[in-house]
Each structure stands twice: as C-alpha cells, then as structure tokens.
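Read-outs: derived from the displayed coordinates by stated rules, not from any lab. Quick caveat, the model's predicted, so the values are computed rather than measured. FYI the Cβ positions are ideal-geometry reconstructions off the backbone, even for glycines, and counts take in every protein chain you see.
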Amino acid sequence: MTRVAVVGATGAVGTAMLRLLHEREGGIPDLEVVPIASARSAGRELHGGLVVQALEEGVQEGFDIAIFSAGGSTSKAWAPKFAQAGAVVVDNSSAWRMDDDVPLVVAEVNPDALDRIGKGIVANPNCTTMQIMLPLKALHDAFGLTDLVATSFQAAGGAGQKGMDELADQVEPLMQRRDDLVAGKGKALEGIAAEVHAKPLAFNVVPWLGSEKDGGYTDEELKLMNESRKILDLPELRVSPTCVRVPVFVGHSVQCRATFRREVDLDEALRVLEAFPGEVVHNVPTPVEYAGRDEVAVGRVRKDLSDPKTLNLFVVGDNLLKGAALNTVQIAELLVQRGVVGGARAAA
C-alpha cells in the first residue's frame, strides 16, 4: 500500500488533488489517502468518507508521499518533518523551488530530476512557468532555446477563491457605470474595492502581480525567469518577463517569443509540439475553453517577422490543474513508478 498525505486538503488546489488521486486510473495502485488541514478543519468529512486530520505534531508519521498545498510558511515548517519521518514531499508552494537540493519538476519535461532528491522534497513550479515548459521543452530539444520574452495573462483564480470572488463582486457595480467605463477617465473605478488584486480587475487589465523586486520587476515575473532556467537546465537562458492579471476566473495564458540557436522550420516546430505529451495544438486557444482540462494548449504558432530563429506562440492552461494539482499528482505517480518511495527508497 502507498500512503499519501494531502496537506491543505480543504483548499481549492487540495480538493483538486484529492479528486485526481482517486480519478486517475492506474496512477498509484493500492492507494490510501489521508487529508490533513488546519485544526479548524479537523474532523470534517470530505467526499468519499475521508476525514480531515489536524496538522499537528505526530501526524507526519507513516506516509510514503506527502503532497503539500498549504502555503509557503506551512511548507517551510512541516515539509522537513514529513521528510524526516520517511515521506517524499511534493510541495506546491514557492518555499523550496530555488533550493539547489530540491528538484523543480514538470512531469513531462524533466522527470529524471527525481533521481536527485537531496532533502526528500520535490517542488512544483509556479503555475505560469509550468504551462510554458511543455512547448518550450519540445522546441528546445529541436532547435536550442536561447532567449524568451514571456508576457502572461493570468486569471483571477491564480490568487485563489478570494481572487475570483473579488472579480465577481466588481462586475455588477461596474455595469451600473457603463458610460464611465467608456469615457469616464477612471471615474468608473472610484469606490470599487481592490484588496486581492492591485487594482479593480473587472472589465480591466492590471499589469502587476506579486511584490516588487529589483529593477521594478515583481516576484511573479522573476519566478518565470528563475524557474524556467532551473527546469530546462539552461542557467544562461535570457528571459524578459511581464505578468498581467486579466478578468478571467480560471486559466492562464502566456504569449511567448522564443529564440533558438538555429533557424526554425515551422512545419518541424508544429510536428514536435503535436508529438509532445500533455499538450495539444489549437489554433486559437482561450482560457475558458481549457478550464477543467488537463492539457496545455499551444496556438498562434508563427515565425517571427524579423528573426528566422524566433517563434511566437500563445500557450493556455488551467492554472488549478496542470498549473498546480495535476502536476503535483503526476509527480507522486512518478515517484511510485520510479521506485523512489516506500521500500525501494528505504533500501537505497
């Protein structure tokens, strides 16, 4: 039997993890799942009769895998405890991503990184970085990636349920100010609460996510650069990131301008994109069409107008699924398939 703890089981991503663990046929055979959350959720019965256990001392014992989606501070405090108790931790927060001893894994892109789990912890990438890794890996293997200009259009759901609720709450009052939305010089936004997003998001676009870092970039933008380099094992990859919040509930989109070492043949590029696992080629993909779908969609694939070594492409994916819960569960499945957990790990 493989015992899997899901820490943060009552949140949106944790709920999706529980569902995927049970729905993915043959993913982890002979599976036992234990949901874990804060003390206020302890004793709560979830779908399938699972009962939530409190995240408290002693709960970490007896697991093969522990999947975390409970925030960075919880991961920092508890992931080492689960690892010390014998579990391999798969963490969905940003807490461990750039640790040199922690592999940062996209299941289809760099599964061999799971052979080097120095601290017993594996990190799940940022949701925006995650989805572009699939097409960029396919194209890198064919042409040799050197430069990336990435502009994201990120859903309100990237900020959790509160992000979606704030967007929904803004729609009706702004509809009452329709004329001001057309020519009000910002008057429409007066008095509209914006606590989750940097500015009111409904009927708007907000070019700011996260906290400010060096040079006017945000931490969200620097994740795109740093995590891409680590996942693709391209430490010198030149990345120019811009992250934008858009009024979409679920589903991030990213416009990529990718430059390669050799000239790109468009037909060959489309062939390698279509053949890569976990993605589909769709001429005009939109986030609403891919909300609830496992695949990453790649569209608008065009040779650059000025540089024969450059491609432009538009990538769409469900930030709650492939961007978070799905990849985490896929990593757990790979840990079992590769003999990393359980008796194989103890004997290593």
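Details
- Positive-end extreme of charge dipole, segment 69-121 - chosen from Met98, Val109, Ala87 (charges on Cβ): Ala87
- Relative contact order, whole percent, for segment 224-324 stands at 30, derived from Cα pairs under 8 Å and 6 or more residues apart.
- Under the simplified labelling scheme, the Ser240-Glu212 pair shows an inter-label distance of 2.2 nm, with each label point 7 Å from Cα along Cα→Cβ.
- Summing Cβ point charges (Lys, Arg +1; Asp, Glu -1) relative to the Cα centre of segment 218-325 gives a dipole of roughly 220 debye.
- The gain in end-to-end length when the Arg293 to Ala168 segment is fully stretched comes to 42.8 nm, 0.36 nm per residue minus the alpha carbon separation.
- Rounded to the nearest 20 debye, the dipole magnitude of the chain is 420 debye, with +1 charges on Lys and Arg beta carbons, -1 on Asp and Glu beta carbons, and the Cα centre as origin.
- The alpha carbon centroids of segment 114-166 and segment 270-315 are separated by 15 Å.
- Stretchable slack from Ala183 to Glu45, in nm (0.36 nm times residue separation minus alpha-carbon distance): 44.6 nm
- Across q = 0.26 Å⁻¹, segment 201-275 modelled as identical point scatterers on its alpha-carbon atoms has Debye log10 I(q)/I(0) values of -1.25, in the order of the q list.
- Set of lysines with alpha-carbon distance to Lys223 below 21 Å, sequence-local pairs under 8 removed: Lys76, Lys137, Lys213, Lys322
- Simple Cβ-charge dipole of segment 71-197, Lys/Arg +1 and Asp/Glu -1, about Cα centre, in debye nearest 20: 160
- For a label point 7 Å along the Cα-to-beta-carbon line of Leu270, residues of segment 103-141 with backbone N under 19 Å: 135-136, 138-140
- For segment 133-270, taking Cα atoms only, Rg and Dmax work out to 18.3, 54 Å respectively.
- Two-decimal Rg/Rh across segment 255-318, once Rg and the Kirkwood Rh are taken from alpha-carbon atoms: 1.00
- Over 15 Å [Cα-Cα, segment 175-222], rounded percent: 52
- Pair-distance profile P(r), taking every C-alpha pair of segment 1-155, with 5 angstrom steps and integer %: 2, 9, 16, 20, 20, 14, 9, 6, 3, 1, 0
- Per-pair calculated FRET efficiency, R0 = 41 Å: Val284 and Glu56 via Cβ, rounded to 0.05: 0.25
- Per the Cα gyration tensor, segment 161-240 maps to an equivalent ellipsoid with semi-axes of 34, 13, 10 Å, ordered largest to smallest.
- Taking the charge dipole of segment 205-348 about its Cα centre, with +1 at Lys and Arg Cβ atoms and -1 at Asp and Glu Cβ atoms, the residue from Val272, Val239, His252 reaching farthest to the positive side is Val239.
- In the chain, the DSSP-assigned H stretches of four residues or longer account for a calculated mean residue ellipticity at 222 nm of -9500 deg cm²/dmol, using -39500 (n - 2.57) per stretch and the full residue count as denominator.
- Relative intensity, log₁₀ I(q)/I(0), of the chain from a Debye sum that treats every alpha carbon as a point, q = 0.07, 0.11 Å⁻¹: -0.31, -0.76
- Cα-based convex hull volume of segment 58-138 per residue, rounded to whole Å³: 86
- Annotation: amide H of Val122 within the under-5 Å range of Val89, Val90, Asp91, sequence separation 5 or more or interchain, hydrogens built in the peptide plane.
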